[in-house]
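Structure provided below as structure tokens; questions to follow.
The values are calculated or read from the model by the stated rules, or taken from the named source; none is laboratory data. None of these values were measured; they are calculated from a predicted model. Every residue, glycine among them, receives a Cβ derived from its backbone with ideal geometry; neighbour counts consider all protein chains shown. Accessible surface is based on the protein model in full, side chains and every heavy atom, while ligands, DNA and RNA are left aside. Shrake-Rupley method; radii C 1.70, N 1.55, O 1.52, S 1.80 Å.
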Amino acid sequence: MYTKIILATLALIFSAEAVAGRIWLENSVKVDEVLVYHNSGYNIITVKVSPSEPLETGCVPTDTHDIFSYWTQGGLSGATQSWVSLLLSAQAQDLDVNLLADTANCNTSTTWTAFGNPLGLGVAFYGARIAPQN
């Protein structure tokens with residue numbers, strides 16, 4: 001009985017740590033480009049944004065190129081397709097968005113060259129929402 005309680009507690013602790021870096025970024029941004037592509041066995045969504053102030057995420061590709069990416073070796077789910085629709089809609093209507101980003105997950109792989117040096121996909125993102133309009 002105690003073993004099950006201990007294991008359940010450890011599972012909760014580790015699962016919470018797995019998403020500890022995911023936060024809604026406070027900076028609202030304009031969407032400049034949305035890329036959906038396949039490269040090196042990954043399906044990728046990259047969004048290039050125009051922030052009103054420097055992003056300062058600590059991830060060099062994001063801070064230099066203003067990019068966030070989602071990558072998976074699996075298929076793009078209905079949720080990810082919804083993100084793309086929301087991002088494109090926001091771009092077309094010139095609306096600000098907030099991104100759900102994992103600031104602890106910064107990709108700097110030399111495989112990803114879409115925006116030049118510094119290379120990489122930047123900070124991982126896991127959602128998007130239209131920013132509140134003031």
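Answer with yes or no whether GLY122 is modelled with pLDDT under 95 and open to solvent by less than 40 Å² (accessible area, probe 1.4 Å).
no
Kindly check whether there is at least one residue in segment 53-61 that is assigned to a loop (DSSP other than H, G, I, E, B) and more than 22 Å from GLU26 (Cα to Cα).
no
Residues in segment 105-112: is at least one at pLDDT 95 or above and farther than 19 Å from ASN27 by Cα?
Yes: one or more hits.
Run down ALA20, ALA11 and say which single residue is surrounded by 10 or more Cβ atoms within 10 Å (Cβ to Cβ), modelled with pLDDT of 50 or more and farther than 27 Å from SER85 by Cβ. Walk me through it before giving the result.
Working: ALA11 fails: modelled with pLDDT of 50 or more.
From the options ALA20, ALA11, the qualifying one is ALA20.
Residue under question is ASP102, and the condition is that it be at pLDDT 95 or above, under 12 Å from the mean Cα position of the chain (by Cα) and more than 18 Å from ALA131 (Cβ to Cβ); does it hold?
yes
In segment 113-134, which residue that is farther than 18 Å from GLU26 by Cβ and among the hydrophobic types (A, V, I, L, M, F, W, C) is nearest to the chain's Cα centre (by Cα)? Lay out the reasoning, then the answer.
The initial filter retains those residues of segment 113-134 that are farther than 18 Å from GLU26 by Cβ, namely 113-121.
Then drop every residue that is not among the hydrophobic types (A, V, I, L, M, F, W, C), which leaves 114-115, 119, 121.
Working: ALA114: 16, PHE115: 16, LEU119: 16, LEU121: 9 Å.
This residue is LEU121.
Also: For the subset of segment 63-75 comprising residues that are open to solvent by less than 50 Å² (accessible area, probe 1.4 Å) and in contact (Cβ under 8 Å) with a residue 40 or more places away in the chain, which member is farthest from the chain's Cα centre (by Cα)?
If we take residues in segment 63-75 being open to solvent by less than 50 Å² (accessible area, probe 1.4 Å) and in contact (Cβ under 8 Å) with a residue 40 or more places away in the chain, then HIS65 is farthest from the chain's Cα centre (by Cα).
While we're here: How about segment 39-57: which of its residues are surrounded by fewer than 22 Cβ atoms within 10 Å (Cβ to Cβ), without any contact (Cβ under 8 Å) to a residue 60 or more places away in the chain and touching a strand residue (DSSP E or B) at 6+ places or on another chain (Cβ under 7 Å)?
TYR42, ASN43, SER50, PRO51
Which members of segment 125-134 meet the condition of being modelled with pLDDT under 90 and either of a type outside the set (S, T, N, Q) or over 24 Å from ASP94 (Cα atoms) (or both)?
Passing the criteria: only PRO132.
Sticking with this one: So in segment 84-96, with the set limited to residues that are under 16 Å from the mean Cα position of the chain (by Cα) and open to solvent by 40 Å² or more (accessible area, probe 1.4 Å), which one is nearest to ILE130 (Cα to Cα)?
Out of the qualifying residues, it is ASP96.
Is one or more of the residues making up segment 97-114 surrounded by 16 or more Cβ atoms within 10 Å (Cβ to Cβ), part of a helix (DSSP H, G or I) and of a type outside the set (Ser, Thr, Tyr)?
Scanning segment 97-114, I find no residue that is surrounded by 16 or more Cβ atoms within 10 Å (Cβ to Cβ), part of a helix (DSSP H, G or I) and of a type outside the set (Ser, Thr, Tyr), so the answer is no.
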